[in-house]
Structure formats: C-alpha cells, structure tokens
Amino acid sequence: MSPALQPFGFPLPEGSYRPDVPTPDRVLGFPFGERPITPEEAFHYLEALAQASPRIRLETYGRTFEGRPLRLAWVSTPENLARLETWQRRWRDLWNPVQVRREDLDAWLSEGLPLLVWFGFSIHGNEHSSTEAALALAYFLVASERAEVQQVLERVVLVIDPVQNPDGRSRFVQHVRAQMGRQPDESPWATEHTEEWPSGRFNHFLYDLNRDWLFQTQVESQARVAAYVRHPPQVFVDFHEMGRDETYFFPPPTRPIIPWLPPTLRTWWERFGQANARAFEQKGWRYFTREWFDTYYPGYGDSFPALNGAIGMTYEQASARGVRVRRSDGTVLTLADAIAHHWTTAWTTLQTAAEHRADILRDFFQSRTANLQTTEDVWGWLVPADADPFLRQRLLERLRRMGVEVYTVSKPVALTARDPYFGTQGSRSDVRPGDWLIPLQQAQRLLLKAWLAREVPMDPEFLATVREQRELREEPGFYDITGWSLPLAWNLRVVELTGRPDRSLLQSVPADRPDSTDSTFRRATYAYVVCNRTLGVYGAAASALERRFPFYVNRKPLHLGSNRCPPGSLIFFVAQEPAEFGPWMETWARWLGPALLALDSGWTTDGISLSSPQTAFVPSDKRIVLLVGPGTRPDSVGALWHTLEVVYGFPITRVRTDMVASMDWSDVGVLIVADVSPQVLKRLWGDETVQRLKLWIEDGGALVAIGSGAVWASETGLMKVEWGPEKKTDEAKTPQKPPPLADVPGALLRVRLENRHFWMGGYETPDIAVFYEGNRIARPDPETAFVVARFAPADRLAASGFVWDDTKEALAGTAYAWYVGLGRGQIFAISSHPMFRGDYWGTHRFVLNALLWGLAR
C-alpha cells in the first residue's frame with residue numbers, strides 16, 4: 001500500500017493488503033478523517049469487513065435507550081474464531097477457576113489457548129478519535145498479509161467495542177457536522193468545537209458511562225458488564241480523549257491505586273507502558289505517564305477490569321473535538337493525528353500482549369486462584385432477610401450480573417459478626433433461612449472488597465503528597481470520588497461475618513426473584529396502607545399517579561394494630577378507587593410484601609386516624625418539573641431524571657433554563673433545581689421571573705433545591721442561609737495564613753436526622769451516611785428554617801472516604817438538609833446531591849419524600 005493510497009490519513013505499516021477487503025472510503029463514501037463518523041457508519045463499515053473476511057465476526061450484546069445497537073467485533077485467525085466457543089469456556093474457567101488446576105492451564109496453553117484482549121472505544125461520546133482508530137485497526141488486522149499480524153492473531157483474540165456510547169456519540173457527531181463549514185475551522189472557539197448543553201460526553205440520560213461500571217445504573221453498563229462476565233478478558237484498554245493542549249497518556253497510572261490489586265499488575269503496567277513509549281519515541285511523539293489518571297475508584301473502565309483480574313489500562317489522547325484545532329502553542333492537532341496515536345498504542349499493545357501470552361494467562365489464573373484461597377479475618381457479609389426488599393432485589397441483580405456467588409442457610413445458625421459501618425462491634429448474628437450470605441473467598445473477592453468494605457486504604461505517600469500540594473496552594477491530586485461503600489451508601493444494614501458457617505448449610509440463592517411473597521393476596525374492604533418501610537413505596541406511588549388512583553400520605557405515624565407506618569405511607573380507600581384498582585394492587589402486593597396492609601376497618605390503636613387532618617391528598621394533575629439546560633450540570637440533572645422517571649416511574653417534565661421566563665406555572669406542583677450556576681440563572685432570569693416563581697411557591701408550589709440550587713434559592717431571597725466556607729484563625733499566632741478550606745473529594749459523611757419531621761418519613765434510625773463533595777457549608781436562618789439533617793461531630797463525621805481535618809471541623813454540626821415554609825408553599829433544600837450517579841440509595845428519600853409532600857394538598 002503506497003503512501004499516496006493511504007486511506008486513513010496516516011501511514012499503516014508497509015506490506016501487502018488484501019484488495020477484496022474494503023477501506024472506509026469505499027464503504028462510507030467520503031475520505032476517512034474528513035469528518036467524525038456516526039455510530040451507524042462505524043457498524044456499517046465493520047459489517048462490510050465481516051462480509052469480506054473470515055478474520056472478523058460481529059456480536060450484538062445490547063441496545064441503548066434510544067434503540068441503537070451495542071456491538072462487539074471479534075478479530076482473530078479463522079481457526080481461532082472457529083474454536084471461539086471452546087476458548088470462551090476456557091477464559092470463563094480461568095476467571096472463576098474453582099475446578100481448574102495449573103496442569104489444566106498448561107494443557108490449554110499447549111493446545112493454543114489464545115489471550116483475550118478487549119479494547120473499548122468512545123465511552124464518552126465526544127471523545128471521538130478512538131472509534132475511527134478502532135476501524136483503522138480492524139482494517140489493518142483483517143486486510144494485512146504481514147507475517148507479524150498473522151502471528152499476533154494466532155496468539156490473541158481481540159474484542160473491539162467500537163462505540164461504547166452510541167447515543168452520546170450520535171449527539172456529538174450531529175453537532176460537529178451541523179456546525180462545520182466548507183473547510184474545518186481551526187479556532188478552538190469555533191462553533192464546531194464548542195458543543196451546546198449537554199454535550200455528547202454523556203449517554204441519553206446524561207450519565208458518565210465511565211463512572212458506571214460498578215453502579216450499573218444504565219442499560220449500556222448493564223449489557224456491557226454482562227458481556228464482560230461472559231467473555232472475561234486478560235487485557236482491557238479503555239481509549240479516551242482529553243484537552244487539546246495535552247499530549248498522550250498511557251500507564252502506569254498515578255496514585256492512589258486500589259491496594260488489593262495483584263502486585264503483578266504494576267509490572268505489566270510498566271511493560272506495556274515502556275512498549276508504548278518506545279513506539280512513540282520512534283515517531284517523535286510526546287507522551288506522559290504516572291500523572292493525573294489514577295486507578296482508585298472501582299467504577300472506571302480500567303479499575304473494574306483490574307478488579308476482575310485483567311491488565312486494565314486507560315489510554316488518553318489530546319482531542320481535536322472535530323477535524324482540526326489550533327492549540328495554545330500555535331500547533332494544529334488534526335483528527336488524523338489523534339487516530340494515528342490511538343492506532344499506534346492499540347497495535348503496540350496487541351504485539352506486547354501476544355509476545356507475553358503465556359505469562360499473562362498464568363498471572364491471570366494465579367490472581368483469580370488467589371481469590372479462592374486467601375483467608376482473611378472477614379468470612380463475608382450478611383444481608384438480613386428483613387432488609388428493604390426493593391434494595392435486596394437490586395443488590396442481587398447486580399451481584400448476579402458480576403458473577404458473585406450469594407447463599408442462604410438451610411437452618412438457623414449463630415455466627416460472630418461485626419458492624420464497621422453503623423457502629424455495632426463484636427456482636428453475634430443469628431443467621432436464618434432467607435438471610436443472604438456473600439462469602440469473601442470467591443473469584444470476585446477483590447471486587448467485593450472494593451465495593452463493600454467501609455474503606456479502601458490510600459497510600460500514605462499519596463496522602464503526604466496531597467497535603468503538600470495543598471500547602472503549596474496546588475490542586476490536591478484527587479481525580480474522582482473517594483467514598484462509595486455499599487452498606488453506607490445504600491443505608492443497608494449489612495454486617496461483616498467473622499464466624500465461618502459450615503459449608504454444608506449453604507444453599508445458593510435462586511436467580512429468579514427471591515423476595516416475592518408466597519402468601520395469598522388478601523383483599524381489603526375498607527383501605528390499603530403501604531407502609532413507608534421500603535423504597536418500593538415510591539414506585540407504587542408513581543404508578544398510582546400515572547393511573548390516577550387517588551391516595552393520601554400521612555404526616556405523623558400511623559398505628560394499625562402491631563404495625564407502625566412512618567410518615568409518607570400511602571393510604572388508598574377502597575370506596576374511592578375504580579374497578580381496575582384491585583388487580584393493580586394485587587400485582588404490587590408481590591413487590592411490597594409485608595409493607596402492604598389490607599384493612600377492613602380504619603380504626604387506629606394510637607396516634608392519628610387514616611382520615612386525620614394530618615394526612616394529605618396527592619393529586620395526579622400536577623407536574624414535576626426538572627430544570628435542565630445551560631447553567632445546570634448535565635450528570636447531576638441526569639441522575640435525577642433517570643432515577644425518578646426510570647427507576648421509580650415518576651413522570652418528569654424537563655424544562656430548559658432559558659424557557660422558564662415564558663413558562664406556564666398553573667399545572668406545576670414541584671420544581672427541582674439542582675447543581676445550577678446562580679450566575680447563569682441571574683443572567684437568564686430577570687426580577688420578574690424570580691417574582692413569579694416566588695408567588696408560585698407562596699400559592700402552594702414546592703421547590704426542591706439541591707447543591708448550588710440551594711445557593712441560588714438563597715441568593716434570590718427565597719430563603720435565608722449563611723454560606724461558608726470560612727475558617728477562623730488567630731492571625732496574631734499564625735505566621736502564615738492557612739490554605740483555604742479544602743474540598744471534600746466525594747466522601748460519605750454521617751448526619752443526624754430529625755426523625756420527627758414528616759420529610760424524614762421512612763428513616764428508622766437517627767444516623768445515616770450521605771454523599772458529600774465540595775466545601776459548601778450551610779447555616780440556614782433558625783427563625784425560618786427547620787434543619788432535618790445535620791452533619792455529625794468532627795470525630796464521627798467521616799464514614800467512608802477522605803475528608804480534610806479542618807473541613808471536618810468546619811462542617812460539624814452544620815446543615816445537610818432543611819425545610820422552609822413560604823406562604824402555602826414549601827422549600828426542601830439539600831446541600832449535596834442525594835441521588836449522585838443514580839446510586840447512593842440511602843438518601844433517595846430526601847428527594848422522593850419531597851416530591852410526595854410537594855404534590856400533596
């Protein structure tokens with residue numbers, strides 16, 4: 001292939017290429033690299049390759065919310081692809097080597113077991129060059145007749161996930177193509193390089209999919225993790241882009257690093273990094289390592305594979321965000337440049353992996369075997385049967401998807417246990433049939449530790465470094481969040497088992513729904529009450545609103561015989577309901593279990609009555625409006641949108657910030673303003689708009705103000721709040737002014753709840769953990785606001801994750817959430833996101849209760 005005929009904008013290695021394998025320009029009808037390609041064009045080209053060559057086959061493993069396919073391309077020799085099912089069984093057996101011996105692996109290596117390498121591209125839809133690089137790589141591997149390509153493919157089966165975020169990429173490509181002129185504009189300020197809100201980075205629901213590998217809230221992540229477990233690779237590379245002025249990053253990563261990862265992983269990071277460095281240096285290209293990108297948060301596209309035993313790596317290329325862009329130093333970065341860089345690291349990685357096939361497979365097997373053999377002081381975790389069935393079901397779904405083994409017991413047994421999450425130490429736990437036991441000693445040991453442990457330790461040297469950075473007024477090197485421990489984040493009363501059950505007592509929990517009740521549904525003659533003891537109550541409320549079934553909620557506890565129903569329980573009077581209500585309630589009874597009470601009388605034994613003035617009707621004719629658009633943080637409003645509408649079923653009307661001034665408020669019941677720029681709203685909304693909003697609240701509307709949305713509400717005079725941060729120091733005794741109050745890099749903090757308040761209905765304990773990031777400190781006016789959740793004292797504040805000592809002192813005792821009455825309306829203010837990334841289920845009630853009480857009349 002001569003340079004004049006290069007179809008990719010950069011020279012592929014010299015040699016013979018099969019003429020019957022089409023280049024992209026022949027299939028797509030335009031020169032490759034002339035403009036970003038759509039997901040559909042990428043898949044179309046891969047289909048053309050699959051029709052032309054036996055070296056590639058395609059697989060569809062899921063679909064996005066917008067209906068686009070999620071596809072894998074399997075690339076190897078025809079002989080390896082013919083034996084693919086056999087190799088897939090071998091890889092799964094090595095990933096979970098319960099019945100595999102070292103001799104088995106030796107025999108499989110002798111028979112030619114290849115290495116499984118997985119490349120993921122464009123998980124952020126506007127980091128686009130990696131998809132083009134994937135197509136260039138696929139062409140090279142399929143069309144080249146070079147001997148070294150044949151040798152690599154004999155030793156490696158490559159899985160290409162060419163477009164991990166098709167919906168986001170489609171949004172980005174549409175923007176670039178719509179804004180391009182006759183020639184690409186190199187100015188970084190040109191419209192083709194500056195996306196409109198929300199940008200193509202996110203998926204349909206505005207989630208960052210590179211943070212969703214562990215939480216798996218999105219259909220793309222759920223499908224991808226399921227495919228990963230079916231085909232567990234030994235090498236995984238996630239290809240990204242970064243700012244236009246950067247160069248290229250490949251591992252080793254920077255600190256912090258999950259400390260439990262196999263020591264051999266660091267060796268492989270060095271080996272692959274050195275190989276990439278040599279390839280770049282031969283071409284005179286610049287790069288960096290060991291800075292910026294860490295492997296600590298377990299939900300990345302490199303850390304999640306690493307916890308699954310793979311050599312997980314992130315590669316980052318400077319982005320043209322289009323076709324050509326001028327950098328700050330005056331040089332021009334082109335899409336072709338970016339494709340060439342990604343192609344080079346991809347091919348170098350394949351060569352390195354193939355060269356070390358046997359060693360990588362042996363290390364993979366040894367690390368997975370160690371998970372089965374390592375003994376720790378914790379046997380595993382106990383999830384009690386009386387925990388929230390809604391959460392138990394979601395936990396089981398996620399554990400099953402990740403290949404985690406879950407058991408129950410055939411008869412009661414007493415085991416020693418401890419509670420590092422909520423404070424009970426050295427207790428005994430009576431384990432009963434129906435309780436779930438998650439043993440640590442299993443193939444997914446590392447993943448379980450990283451997710452369920454209260455803390456993932458950080459390297460002391462890293463902590464010393466960030467403290468020094470702060471003293472020097474530099475940005476401390478936290479790349480992402482530091483606290484995600486499941487029991488705390490979900491407010492799920494899990495305990496660690498230190499006692500070891502007899503294995504003969506363990507029975508696998510069935511994969512189908514384990515918490516459905518077997519009891520016969522009993523029809524009520526007077527009323528049904530759904531006690532607010534499960535998050536499932538909110539799904540029932542949303543479904544009832546959709547079907548216009550009338551119901552009420554209680555402000556004070558209901559005492560119904562031996563049952564106590566907290567505030568926010570649902571009350572349905574049989575006489576008010578239509579004929580279709582009965583079958584609907586029978587269906588929900590399977591999911592609500594003991595939280596559903598069927599009553600033949602409304603008589604209560606204590607407290608308020610079912611028809612008390614302390615109950616309120618929830619109408620179905622009012623909208624829930626979520627503020628989106630310019631000035632709002634896309635992933636913040638996306639988490640609210642998806643969680644409320646998809647998970648719980650509440651219909652959400654999204655209104656752009658630049659449309660509020662002309663909005664009709666007559667059918668709005670609740671407005672959610674989350675993580676918005678007060679400066680942008682001030683620019684978009686005049687005094688008249690703010691006054692209309694205030695009058696709407698005073699007339700009975702409800703504002704849910706989250707994060708900087710609460711700051712905006714106070715700045716507009718809707719409520720009075722004194723905001724921090726501030727640190728008081730004795731300047732006479734302090735020779736140098738201390739550094740400003742530092743941000744909390746996403747941690748779980750303890751708060752004390754005011755359970756007497758109706759907003760806190762459903763919380764049965766006074767202490768929970770909340771997600772908090774930043775350094776925003778709120779002191780609401782005590783004359784007009786009631787604080788329902790207050791940060792714990794400094795010595796108890798940090799539940800999981802990193803918090804600076806002076807930030808603990810400043811936050812201690814201040815408000816996390818507070819309630820303000822305004823005329824006949826209400827303001828529910830929360831200082832940090834309670835539905836962060838769609839997970840952190842333990843604080844969902846802060847929003848869900850606010851919706852119900854905001855709608856109630």
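Data for the structure
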quantity	calculated
Meets criteria (of a type in the set (A, V, I, L, M), open to solvent by less than 40 Å² (accessible area, probe 1.4 Å) and under 21 Å from PRO39 (Cα atoms)) for VAL237	yes
When residues of the stretch 37-54 are limited to those that are without any contact (Cβ under 8 Å) to a residue 24 or more places away in the chain and not acidic (Asp, Glu), the one surrounded by the most Cβ atoms within 10 Å (Cβ to Cβ)	ALA50
Sole residue being free of Cβ contacts under 8 Å to residues at least 60 places away in the same chain and touching a strand residue (DSSP E or B) at 6+ places or on another chain (Cβ under 8 Å), chosen from LEU12, LEU58	LEU58
Count - residues of the stretch 15-45 that are part of a helix (DSSP H, G or I), under 18 Å from LEU58 (Cα atoms) and out of contact with any Pro (no Cβ under 9 Å at 6 or more places or on another chain)	2
Test for SER601: is it touching a Phe, Trp or Tyr at 6+ places or on another chain (Cβ under 9 Å), free of Cβ contacts under 8 Å to residues at least 12 places away in the same chain and not in a strand (DSSP E or B)	no
Single residue of the stretch 680-710 satisfying the filter (small (Gly, Ala, Ser) and closer than 11 Å to VAL670 by Cα) that is surrounded by the most Cβ atoms within 10 Å (Cβ to Cβ)	ALA705
Flag if ALA370 is open to solvent by 10 Å² or more (accessible area, probe 1.4 Å), among the small types (Gly, Ala, Ser) and over 30 Å from ARG432 (Cβ atoms)	yes
Verdict on LEU70 being within 18 Å of PRO166 (Cβ to Cβ) and touching a Phe, Trp or Tyr at 6+ places or on another chain (Cβ under 6 Å)	yes
Any chance GLU34 is open to solvent by 70 Å² or more (accessible area, probe 1.4 Å), of a type outside the set (Ser, Thr, Tyr) and modelled with pLDDT under 95	yes
Matching entry among SER569, SER504, SER562, SER543 (being hydroxyl-bearing (Ser, Thr, Tyr) and closer than 30 Å to LEU452 by Cβ)	SER504
Top-ranked residue of the stretch 679-708 - restricted to ones that are aliphatic (A, V, I, L, M) and in a helix (DSSP H, G or I), ranked as nearest to TRP759 (Cα to Cα)	ILE697
Residues of the stretch 60-83 satisfying the condition of being within 15 Å of ALA138 (Cα to Cα) and assigned to a strand (DSSP E or B)	ARG71, LEU72, ALA73, TRP74, VAL75
Breaking point among (1) open to solvent by 10 Å² or more (accessible area, probe 1.4 Å); (2) out of contact with any Leu (no Cβ under 7 Å at 6 or more places or on another chain), for PRO619	(2)
Count of the stretch 206-234 residues which are surrounded by fewer than 24 Cβ atoms within 10 Å (Cβ to Cβ) and aromatic (Phe, Trp, Tyr)	1
Hits in the stretch 604-616 - residues which are touching a residue at least 60 places away in the same chain (Cβ under 8 Å), open to solvent by less than 60 Å² (accessible area, probe 1.4 Å) and part of a loop (DSSP other than H, G, I, E, B)	LEU610
Test result for VAL456, crowded, with 20+ Cβ neighbours inside 10 Å and either in contact with a Phe, Trp or Tyr (Cβ under 9 Å, 6 or more places away or on another chain) or closer than 22 Å to ALA747 by Cβ (or both)	yes
Hey, MET663 surrounded by 16 or more Cβ atoms within 10 Å (Cβ to Cβ) and farther than 28 Å from TRP841 by Cα or not	yes
Filter result (in contact with a Phe, Trp or Tyr (Cβ under 8 Å, 6 or more places away or on another chain) and open to solvent by 20 Å² or more (accessible area, probe 1.4 Å)) within the stretch 101-130	ARG102
Selected residue (criterion: most open to solvent (accessible area, probe 1.4 Å)) from residues of the stretch 561-598 that are of a type in the set (Phe, Trp, Tyr) and part of a strand (DSSP E or B)	PHE573
Some residue of the stretch 656-674 being touching a residue at least 60 places away in the same chain (Cβ under 8 Å), farther than 30 Å from ALA812 by Cα, assigned by TED's automatic domain parsing to the domain that holds ALA778 and of a type in the set (Phe, Trp, Tyr)	no
Residues located in the stretch 240-264, provided they are open to solvent by 10 Å² or more (accessible area, probe 1.4 Å), over 18 Å from ALA133 (Cβ atoms) and of a type in the set (A, V, I, L, M, F, W, C)	ILE257, TRP260, LEU261
Criterion: under 18 Å from LEU693 (Cβ atoms) and either modelled with pLDDT of 95 or more or open to solvent by 60 Å² or more (accessible area, probe 1.4 Å) (or both) - qualifying residue of GLY649, GLY631, GLY638	GLY631
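Listed here are the residues, each with its yes/no results for (1) closer than 24 Å to LEU535 by Cβ; (2) out of contact with any Pro (no Cβ under 9 Å at 6 or more places or on another chain).
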site	(1), (2)
LEU753	yes, no
TRP759	yes, no
ILE768	yes, yes
GLU773	yes, no
LEU797	no, yes
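Conditions (1) within 25 Å of ASP839 (Cα to Cα); (2) assigned to a strand (DSSP E or B); (3) assigned by TED's automatic domain parsing to the domain that holds THR482, marked per residue:
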| position | (1), (2), (3) |
| --- | --- |
| PRO740 | no, no, no |
| ALA747 | yes, yes, no |
| VAL751 | yes, yes, no |
| TRP759 | yes, no, no |
| GLU764 | yes, no, no |
| TYR772 | yes, yes, no |
| VAL788 | yes, yes, no |
| ALA799 | yes, yes, no |
| PHE802 | yes, no, no |
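Okay, residues lined up against (1) open to solvent by less than 10 Å² (accessible area, probe 1.4 Å); (2) within 23 Å of PRO262 (Cβ to Cβ); (3) among the aromatic types (Phe, Trp, Tyr):
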position: ASN276; (1), (2), (3): yes, yes, no
position: GLY284; (1), (2), (3): no, no, no
position: TYR287; (1), (2), (3): no, no, yes
position: ARG290; (1), (2), (3): no, yes, no
position: TYR296; (1), (2), (3): yes, yes, yes
position: GLY299; (1), (2), (3): yes, yes, no
position: PRO305; (1), (2), (3): yes, yes, no
position: ASN308; (1), (2), (3): yes, yes, no
position: ARG326; (1), (2), (3): no, no, no
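The values are calculated or read from the model by the stated rules, or taken from the named source; none is laboratory data. Worth saying up front: this structure is predicted, and the values here are computed from it rather than measured. Heads up, the Cβs are rebuilt from the backbone with ideal geometry, glycines too, and the neighbour counts pull from every protein chain shown. What goes into the accessible areas is simple: the full protein's heavy atoms, side chains included, and nothing from ligands, DNA or RNA. Shrake-Rupley method; radii C 1.70, N 1.55, O 1.52, S 1.80 Å.
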